[in-house]
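*Asks:* Would you mind keeping the following structure in view while I ask a few things?
The values are calculated or read from the model by the stated rules, or taken from the named source; none is laboratory data. What you are looking at is a predicted structure, and each value in this text was computed from that prediction instead of being measured. With ideal geometry, Cβ positions are generated from the backbone for all residues, glycine too; neighbour counts draw on all protein chains shown.
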Amino acid sequence: MLSKKQIFSKGILAVAPHMFSVIPFGIVCGAIGIELGFSPVLVYAMSIIIFGGASQIVFLQLLSGGASALIAVTSVGVINSRHLLYGAVLSEYFEKLSFIKKLLISYLVVDQGFAESNKFFQKNRNETHLHYHLLGSGGTLWVCWQISTLAGIILGSFVPEELGLKFAVPLTFIAIVVQDIKKLDHVIVMITCGLSSLLFFDAPFKSYIIISPIIALFVAALVLRLKK
Amino acid sequence: MTWFTIIVAGIITYFMRMTMVALVDRDLLGERVKAVLAYVPSAVFPAIIFPGIFINDYGTFIEMNDPKIFGAIVAILVGYFSRNVIATIISGLFSYWIIIFLL
């Protein structure tokens with residue numbers, strides 16, 4: 001049985017490598033906000049209030065492009081709706097937590113933290129203090145996101161666009177799923193999702209980001225049925 | 001007005017994170033649903049990966065000789081064999097930069 005502190009540290013260590021993509025992306029995110037002409041305080045406040053990389057950029061781009069507030073809010077909601085799926089997966093491991101703790105820990109559920117903590121949970125179902133892993137992973141991502149978006153706001157145009165730092169985002173997610181390419185069922189689900197995301201890329205409100213996972217999960221259900 | 005919009009967007013985002021964790025009883029989900037949920041990472045992350053590689057900042061498809069495709073292939077190979085997140089990200093970025101800056 002691991003102590004709270006040990007699990008917390010494991011959470012930190014599990015997401016630490018992803019900083020190679022989170023920090024550049026945070027810097028880009030802060031810099032874009034300033035470039036689009038928003039006030040530094042506002043751009044930074046989004047990192048606390050919304051705390052979701054891609055959705056923050058889309059939100060500012062839409063508003064600066066003259067879109068209505070309703071459209072901007074809807075897009076953020078659609079982009080971040082994938083967290084419903086993360087929550088459904090995590091709920092199994094947080095079952096025993098008090099309601100208040102569930103409310104608090106939910107704020108820290110983000111892509112990379114979910115992915116790495118979920119891998120830990122699957123292998124260590126019987127540990128008592130599982131949620132400390134997500135506190136470690138999500139907390140680390142939160143701190144780094146705050147610092148890096150602030151850095152981007154300050155550095156602004158000093159970050160050369162030619163570097164294409166946004167490319168670090170797909171790379172970090174490749175690192176998360178790449179070990180599953182040895183499993184045929186997972187490959188089928190991944191390709192379904194990837195192709196659907198390209199097919200539906202122009203769907204309104206960036207909804208490809210939730211449409212393609214839903215299609216892929218239906219395919220996963222079919223695959224499970226065939227496996228039996 | 002922009003502030004109000006951000007706060008609404010933040011509240012909605014928080015609800016997306018919280019709803020399933022705090023408000024839904026896990027026992028309501030049957031075994032089949034739980035089995036399908038095991039595929040969530042594989043079903044979600046390619047929707048970030050594919051457009052991040054194949055679609056450029058202007059929302060159009062890249063050319064088949066785009067350096068991002070080479071970078072992604074290198075990252076997949078390095079990631080698969082090294083099982084190391086840092087090596088995956090760095091190898092992908094560097095191979096991408098080598099093509100755009102040196103070739």
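*Asks:* Out of contact with any helix residue (DSSP H, G or I) (no Cβ under 8 Å at 6 or more places or on another chain), among the aliphatic types (A, V, I, L, M) and part of a helix (DSSP H, G or I): is that true of B:ILE11 in this structure? Walk me through how you get there before you give the answer.
*Replies:* Numbers: out of contact with any helix residue (DSSP H, G or I) (no Cβ under 8 Å at 6 or more places or on another chain): yes; among the aliphatic types (A, V, I, L, M): yes; part of a helix (DSSP H, G or I): yes.
Answer is yes for this residue.
*Asks:* Considering only residues that are at pLDDT 95 or above and more than 7 Å from chain A (Cβ to nearest Cβ), look in the stretch B:4-28 and name the one that is farthest from A:GLY33 (Cα to Cα).
*Replies:* Residue satisfying both the conditions and the ranking: B:PHE15.
*Asks:* Restricting attention to the stretch B:35-56, report how many residues are in a helix (DSSP H, G or I) and either over 16 Å from the mean Cα position of the chain (by Cα) or farther than 28 Å from A:GLY87 by Cβ (or both).
*Replies:* Applying the first criterion (in a helix (DSSP H, G or I)) to the stretch B:35-56 yields B:35-37, B:40-44, B:46-54.
Those still in the list that are either over 16 Å from the mean Cα position of the chain (by Cα) or farther than 28 Å from A:GLY87 by Cβ (or both) too: B:35-37, B:54.
Result for the stretch B:35-56: 4.
*Asks:* Name the residues in the stretch A:177-192 that are under 14 Å from B:PHE45 (Cα atoms) and over 16 Å from the mean Cα position of the chain (by Cα), would you? Reasoning before the result, please.
*Replies:* So the first thing to find is which residues in the stretch A:177-192 are under 14 Å from B:PHE45 (Cα atoms), and the list is A:177-181, A:186-192.
Passing the criteria: A:VAL178, A:GLN179, A:ASP180, A:ILE181, A:HIS186, A:VAL187, A:ILE188, A:VAL189, A:MET190, A:ILE191, A:THR192.
*Asks:* Okay, next question. So which of A:ILE147, A:ILE174, A:ILE153 is without any contact (Cβ under 8 Å) to a residue 40 or more places away in the chain and either under 22 Å from the mean Cα position of the chain (by Cα) or surrounded by fewer than 20 Cβ atoms within 10 Å (Cβ to Cβ) (or both)? Outline the logic, then answer.
*Replies:* Details: A:ILE147 fails: without any contact (Cβ under 8 Å) to a residue 40 or more places away in the chain; A:ILE153 fails: without any contact (Cβ under 8 Å) to a residue 40 or more places away in the chain.
Of the residues listed, the single one that is without any contact (Cβ under 8 Å) to a residue 40 or more places away in the chain and either under 22 Å from the mean Cα position of the chain (by Cα) or surrounded by fewer than 20 Cβ atoms within 10 Å (Cβ to Cβ) (or both) is A:ILE174.
*Asks:* Sticking with this structure for a sec: In the set A:TYR44, A:TYR132, which member is more than 10 Å from chain B (Cβ to nearest Cβ) and farther than 23 Å from B:ILE6 by Cβ?
*Replies:* Working: A:TYR44 fails: farther than 23 Å from B:ILE6 by Cβ.
Being more than 10 Å from chain B (Cβ to nearest Cβ) and farther than 23 Å from B:ILE6 by Cβ holds for just one of A:TYR44, A:TYR132, which is A:TYR132.
*Asks:* Separate question: Restricting to the stretch B:62-88, and then to whatever is facing another protein chain (nearest Cβ under 9 Å) and assigned to a loop (DSSP other than H, G, I, E, B), can you tell me which residue is surrounded by the most Cβ atoms within 10 Å (Cβ to Cβ)?
*Replies:* Checking each candidate, the answer is B:ASN84.
*Asks:* Please enumerate the residues belonging to the stretch B:89-103 that are part of a helix (DSSP H, G or I) and aliphatic (A, V, I, L, M). So that I can check it myself, show each step before the final result.
*Replies:* Kept after step one, since they are part of a helix (DSSP H, G or I), are these residues of the stretch B:89-103: B:89-102.
Of everything in the stretch B:89-103, those that are part of a helix (DSSP H, G or I) and aliphatic (A, V, I, L, M) turn out to be B:ILE89, B:ILE90, B:LEU93, B:ILE98, B:ILE99, B:ILE100, B:LEU102.
*Asks:* With A:VAL110, A:VAL89 as the choices, which residue is in the same structural domain as A:VAL43 (by TED's automatic domain parsing) and either over 30 Å from A:PRO40 (Cα atoms) or at pLDDT below 95 (or both)?
*Replies:* On the way: A:VAL110 fails: either over 30 Å from A:PRO40 (Cα atoms) or at pLDDT below 95 (or both).
Answer to the check: A:VAL89.
*Asks:* Any residue that is without any contact (Cβ under 8 Å) to a residue 60 or more places away in the chain, among the aliphatic types (A, V, I, L, M) and more than 12 Å from A:GLY152 (Cβ to Cβ) - is there at least one of those in the stretch A:18-25?
*Replies:* Quick first cut of the stretch A:18-25, residues without any contact (Cβ under 8 Å) to a residue 60 or more places away in the chain only: none.
No, the stretch A:18-25 has no match at all.
*Asks:* Spot the failing condition for B:GLY59; the list is (1) in a helix (DSSP H, G or I); (2) modelled with pLDDT under 95; (3) of a type outside the set (A, V, I, L, M), and only one is missed.
*Replies:* Of everything listed in (1) in a helix (DSSP H, G or I); (2) modelled with pLDDT under 95; (3) of a type outside the set (A, V, I, L, M), B:GLY59 misses just condition (1).
*Asks:* Turning to a different aspect of this structure: Among the candidates A:PHE158, A:PHE51, A:PHE99, single out the residue that is surrounded by fewer than 17 Cβ atoms within 10 Å (Cβ to Cβ), over 18 Å from A:PHE8 (Cα atoms) and either more than 7 Å from chain B (Cβ to nearest Cβ) or of a type in the set (Ser, Thr, Tyr) (or both). Show your work before the answer.
*Replies:* Working: A:PHE51 fails: surrounded by fewer than 17 Cβ atoms within 10 Å (Cβ to Cβ); A:PHE99 fails: either more than 7 Å from chain B (Cβ to nearest Cβ) or of a type in the set (Ser, Thr, Tyr) (or both).
Exactly one residue qualifies, and that residue is A:PHE158.
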